[in-house]
Amino acid sequence: MLVPIGSVARALGVSVATVRRWDAAGLIHSVRTPGGQRRFPRTEVDRLLTPTP
């Protein structure tokens, strides 16, 4: 399932600009729609929400 950037930002408690920066830095993976919009795999969001030991 692909998630829009606004939903990712809300889920992670950060701004849309922060998610864009993370995407540009390679910290989160996104795909582009034919219209050029970013979409993020739900697994990427879950990965960032999961605490690391």
Item checked: Among residues of the stretch 1-15, those that are hydroxyl-bearing (Ser, Thr, Tyr) and either on the phi > 0 side of the Ramachandran plot or not in a loop (DSSP other than H, G, I, E, B) (or both), counted -> 1
Next item on the list: Go through the stretch 14-33 residue by residue and tally those that are closer than 14 Å to Pro4 by Cα and exposed (fewer than 13 other Cβ atoms within 10 Å of the Cβ).
Entry: 6
Checklist line | Residues satisfying the stated conditions in the stretch 16-38, i.e. under 18 Å from Thr50 (Cβ atoms) and outside any helix (DSSP H, G or I) | finding: Leu27, Ile28, His29
Check: Is there any pair linking a residue in the stretch 26-53 that is within 16 Å of Ala9 (Cα to Cα) to one that is surrounded by 10 or more Cβ atoms within 10 Å (Cβ to Cβ) and among the polar types (S, T, N, Q), with Cβ under 7 Å and at least six apart or on different chains, and which?
Finding: Arg38/Ser30; Arg39/Ser30; Arg39/Thr33; Phe40/Ser30
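Every number in this text was worked out from the coordinates using simple rules, so none of it is lab data. These figures come from a predicted structure and were not determined experimentally. Note that we place each Cβ from the backbone using ideal geometry, even for glycine, and neighbour counts take in every protein chain shown.
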